[in-house]
Amino acid sequence: MKWKKVRLKRRRVVKDKIYSILALGAPMLATGLILSVVLLMLGNIFYKGISGVSWEFLTEAPRNNNLEGGIFPAIYGTVYLVFIMILFSIPIGTATGIFLSEYTARDSKFAMTVRFAINTLAGVPSIVFGLFGVGFFIQFIGKGMDYVANNTTPIWGKPALIWAAATLAILTLPVVIISVEETMRSIPREMRESSLALGATKWQTIWKLILPNSLTGILTGAILAIGRGAGEVAPILFVGVVYSLPELPSHLSDQFMQLGYHLFVLATQSPDVDAAMPKQYATTVVLLTLTFGMSFFATFLRYRIRKSRGKAHV
């Protein structure tokens, strides 16, 4: 009987060790596999594209069906587009996050309906946003503005930078709203109650207490929005982006070039595929570097805010 108990105990110990190894090894293996695929993909792109990146490539306008010259108008248009998109999405997303977090109960029917709408919006195919931008922003708002202003030629009722940015802002709204709301809900309720007990109003509490402590969440939403919006092509196909345009956009009603669409054109509509291949890889390197750079800046800013607030609390 004792030997049987010892054997059973040993078997249990061996099984526990096997289970613990599997529980630790499986996630590590999956993480290593994902990192390997990402590094292999990025390494292949940078290896084939970095030689095509030069000062002329970064500063000149495209020529000869985009097969010669550079991509500076596309770089400028991408940065301009993302900047305007952030100006649209961050205030609206933050206001929605404040409303859901501070003015509605989490389990109320209205809040649940709004969250369902946000989740549904996040699952809509990106090309649908482009069609919505044409119908709502250009045909309805833009032409309405031209009608009110008595413009004889379309100024706003045509594809333009502002409509492309507004379309991308709607596309990225769900990630901003969710990030802001979750950050605000993580702030202890005792802080709100203490502020109200000292005589502050609801809005003063939100403005001077909740929002400053939610800056990191707002920046997280901005980082996710930049990563999503900088490389999107389908939503802006019909609302402002063009095949080739040496001139830089100077007004919100101008059309523009964008790196993602420029890459799409090189890959699908170039008259010489072999000649366009080096340009494709070089453009991809610039697009990834630009996206990573903007995201890194927002991440660094978030880190500095967290560090300064940590010292302030100490």
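Condition check ((1) within 22 Å of the chain's Cα centre (by Cα); (2) among the acidic types (Asp, Glu); (3) open to solvent by 60 Å² or more (accessible area, probe 1.4 Å)) across all residues:
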position: Gly217; (1), (2), (3): yes, no, no
position: Val233; (1), (2), (3): yes, no, no
position: Glu247; (1), (2), (3): no, yes, yes
position: Thr289; (1), (2), (3): yes, no, yes
position: Phe292; (1), (2), (3): yes, no, yes
position: Phe297; (1), (2), (3): yes, no, yes
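Residue by residue, here is whether (1) buried (at least 18 other Cβ atoms within 10 Å of the Cβ); (2) modelled with pLDDT of 85 or more; (3) not β-branched (Val, Ile, Thr) holds:
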| site | (1), (2), (3) |
| --- | --- |
| Ala166 | yes, yes, yes |
| Ala169 | yes, yes, yes |
| Thr172 | yes, yes, no |
| Val175 | yes, yes, no |
| Ser194 | no, yes, yes |
| Lys202 | no, yes, yes |
| Trp207 | no, yes, yes |
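Quick grid of which residues meet (1) of a type in the set (A, V, I, L, M, F, W, C); (2) under 17 Å from Arg228 (Cβ atoms); (3) modelled with pLDDT of 90 or more:
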{"position": "Thr78", "(1), (2), (3)": "no, yes, yes"}
{"position": "Val82", "(1), (2), (3)": "yes, yes, yes"}
{"position": "Phe88", "(1), (2), (3)": "yes, yes, yes"}
{"position": "Ala95", "(1), (2), (3)": "yes, no, yes"}
Is one or more of the residues making up segment 95-102 among the aliphatic types (A, V, I, L, M), assigned to a helix (DSSP H, G or I) and within 19 Å of the chain's Cα centre (by Cα)?
yes
Glu190, sole failed condition from (1) under 22 Å from the mean Cα position of the chain (by Cα); (2) among the charged types (D, E, K, R); (3) open to solvent by 30 Å² or more (accessible area, probe 1.4 Å):
(1)
If you take the residues of segment 138-164 that are open to solvent by less than 70 Å² (accessible area, probe 1.4 Å) and touching a Pro at 6+ places or on another chain (Cβ under 8 Å), which of them is farthest from Gly229 (Cα to Cα)?
Asp146
Name the pairs: first residue in segment 85-108 and aromatic (Phe, Trp, Tyr), second residue assigned to a helix (DSSP H, G or I), Cβ to Cβ under 7 Å, at least 6 apart or on different chains?
Phe88/Ala165; Phe88/Ala166; Phe88/Ala169
Name the single residue that is modelled with the lowest pLDDT among those in segment 50-76 being in contact with a strand residue (DSSP E or B) (Cβ under 7 Å, 6 or more places away or on another chain) and of a type in the set (A, V, I, L, M, F, W, C).
Ala61
Here the residues within segment 103-137 that are in a helix (DSSP H, G or I), open to solvent by 60 Å² or more (accessible area, probe 1.4 Å) and either touching a helix residue (DSSP H, G or I) at 6+ places or on another chain (Cβ under 7 Å) or not aliphatic (A, V, I, L, M) (or both) are Lys109, Phe110, Thr113, Phe116, Asn119, Thr120, Ile127, Phe132, Phe136
I'd like to know if segment 254-266 contains one or more residues that are in contact (Cβ under 8 Å) with a residue 60 or more places away in the chain and surrounded by fewer than 21 Cβ atoms within 10 Å (Cβ to Cβ).
yes
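The values are calculated or read from the model by the stated rules, or taken from the named source; none is laboratory data. Computed from a predicted structure; not experimentally measured. FYI the Cβ positions are ideal-geometry reconstructions off the backbone, even for glycines, and counts take in every protein chain you see. With ligands, DNA and RNA removed, areas are computed over all heavy atoms of the protein, side chains included. Shrake-Rupley method; radii C 1.70, N 1.55, O 1.52, S 1.80 Å.
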